[in-house]
Every structure is written in C-alpha cells, then in structure tokens.
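The values are calculated or read from the model by the stated rules, or taken from the named source; none is laboratory data. Source: prediction; values computed, not measured. All Cβ positions, glycine included, derive from the backbone under ideal geometry; neighbour counts span all protein chains shown. Keep in mind that these areas ignore ligands, DNA and RNA; they rest on the heavy atoms of the full protein, side chains included. Shrake-Rupley method; radii C 1.70, N 1.55, O 1.52, S 1.80 Å.
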Amino acid sequence: MDKRALRILNSAYWGPTGWLKPTADRPPPEDRAYAEQAGYMFPPLAIGHDELIALVRDAADQTTLRAASDAFVASLSTRSLRHRPVLSSFLVARSMPDHTYLHSDYGCQVCGAWPDREVDRSIFNFERHKWGGTRFLEPAFVWFALDRFAHEDQPEPTAEDQRIRRQILSDLADLPPKATATNGERALRAMRSNQDERLGVMEILAIADILQDPAHPGFLNGFVPFAEREDVTARHMDLGYPAGWWRRSHGINATAVDAVFPQP
Ligand SMILES: [Zn+2]
C-alpha cells in the first residue's frame, strides 16, 4: 500500500460532504503525477466495446477461481476492500461470452457496455479502495479489478479470515425468512465493517450464486445477459442485480458455497 498515493486518490473524489469532482488543480498536478506513477490514479482511457471484451476475457484467463476466492476471503479480517471485487469480477469475466456490440438504447444487450467510451480508471480505483467496488457488473470495472489484481499483491486467507467466512455464512442462514439482501447485511457484522462495505459483500455473494434466487441467477454457472437482468431498481434502490432479488427464504446455495469456498 502506498499511503500517499491513496490519500491523493481519495482527495480527488471525496471530501467532508461526500463526492467531489477532480479539477485541473485538485489534486495538484505533482500529486496526480505521483499517484499515477504509483498505479493509484490513471489517465483517461478511450476503449471500444470489442477491445474491452477481449481485455475482460483475457483477464479471466490470467487468474483462477481459487486465487479470486482467496483474495475475497483474505479481505474479511484485514478490511483490504480492494480484494473483494476480484471474486465477482472473475466470475463475470469467466462466463462472459465472446461477442461484438449488440445495440440497445441502454448499451450492449449482452454486457451493458457502450460501443465507445472513455473509461475513468481512477474513479474505479477510488470506489474499489473505499467500498470494495460498486459497479460489479460493469465490464470496464470487471476488467480493471482483475487487471489490478494481476499487478498487485495476491493475499492468502488466514485461519481468522476463514473463521469469519464461516460465521458470516452461518449468520446469513439464521436470518428470518423474509430478510432481504438490503436488511440482511446485518448478518455480516462478524467482520469489522460499515454498512456500505457489508452491502458490497452481499452483492458479491449474490453474483457468486451463494445468495441465490433461482429465478434470478448469478454468474457462477453462466453469464446472465444484460438485457435479461430483471431490473430491481424500482424496489431496491441500493442493490443491483441479482442481490436485490434475494430473500433468506431462498436459502444459502450450499453447492455454490462449496464451489467458491472449497477451503474447510
Ligand atoms: Zn457487449
């Protein structure tokens, strides 16, 4: 961790009252240059849809489910939030079909990306460090999280991380049947965390099919096309697909738990 670079990154996007927009002077150019040199901030990247999809698929080939799962678990005691979206990103990237842009008014029908756009990797990095990610299904973020993982440390979970993982899964199973992913985040209090971090973990566990509504699958066993992800925003403003659909009455998918967390 480079604390100076992280401080510069945070100062670009976050202040005492919340979100900020970087300007030409903030962070100061020499600070920005330092953060870019350290791999914490990045210049804008113009990238076409088809090129992005190739990067996503290549990134999935560079890692394994075990490494991605280990990164997630190793974040639980350490609160190294940047390691959490490696798991969801790997599952989305691994299942993403090779495809060219298929137009809809909302972006590509397959993946949701736009045909051409400028990717702001600095904001992705800010969100990854601050909350463990927020745009879990966005192809550019999926690629970014895996690309950074390939260039950064790849932690091994400790016995304490595994204990927290088992405790969380057990506490999720004990929620009342009507609990949703939004109000069920309290089951994750076995880990040192704030609510935003816990909601992020709920999203990742849903993408991994561990919190699975069978009618709204995640990405462990296949890709759910963008156009087929039933919108939850009208009912659950703070959680995306598929976490917004989960109820505790759907249960915890034991097969998915075994596939994603083979460790005892
Ligand atoms: Zn696409």
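Of the conditions (1) surrounded by fewer than 23 Cβ atoms within 10 Å (Cβ to Cβ); (2) farther than 19 Å from CYS111 by Cβ, ASP50 fails just one. Which one is it?
(2)
Can you tell me which of (1) in contact (Cβ under 8 Å) with a residue 12 or more places away in the chain; (2) open to solvent by 30 Å² or more (accessible area, probe 1.4 Å); (3) more than 16 Å from the ligand (Cβ to nearest atom) is the one ALA5 doesn't meet?
Condition (2) is where ALA5 drops out.
Consider ASN221 against the criteria (1) farther than 20 Å from THR78 by Cα; (2) open to solvent by 20 Å² or more (accessible area, probe 1.4 Å); (3) part of a helix (DSSP H, G or I): it satisfies all of them except one. Which criterion is unmet?
Failed condition: (3).
Are any residues in segment 105-147 farther than 17 Å from LEU45 by Cα, within 10 Å of the ligand (Cβ to nearest atom) and modelled with pLDDT under 95, and if so, which ones?
GLY107 - this is the single residue of segment 105-147 that is farther than 17 Å from LEU45 by Cα, within 10 Å of the ligand (Cβ to nearest atom) and modelled with pLDDT under 95.
Going through THR100, THR158 one at a time, which residue ends up being in contact with a Ser or Thr (Cβ under 7 Å, 6 or more places away or on another chain) and more than 20 Å from GLU203 (Cβ to Cβ)?
That would be THR158, the only listed residue that is in contact with a Ser or Thr (Cβ under 7 Å, 6 or more places away or on another chain) and more than 20 Å from GLU203 (Cβ to Cβ).
Mind listing whichever residues of segment 115-159 are hydroxyl-bearing (Ser, Thr, Tyr) and either surrounded by fewer than 16 Cβ atoms within 10 Å (Cβ to Cβ) or assigned by TED's automatic domain parsing to the domain that holds TYR13 (or both)?
Answer for segment 115-159, where residues must be hydroxyl-bearing (Ser, Thr, Tyr) and either surrounded by fewer than 16 Cβ atoms within 10 Å (Cβ to Cβ) or assigned by TED's automatic domain parsing to the domain that holds TYR13 (or both): just THR158.
How many residues are surrounded by 14 or more Cβ atoms within 10 Å (Cβ to Cβ), of a type outside the set (A, V, I, L, M) and in a helix (DSSP H, G or I) when one looks only at segment 8-35?
6
In segment 79-104, which residue that is modelled with pLDDT of 95 or more and of a type in the set (Ser, Thr, Tyr) is nearest to the ligand (Cβ to nearest atom)?
TYR101
So which residues in segment 73-96 are in a helix (DSSP H, G or I) and either among the small types (Gly, Ala, Ser) or farther than 29 Å from GLN162 by Cβ (or both), if there are any at all?
Selection gives ALA74, SER75, SER77, SER88, SER89, ALA93, SER95.
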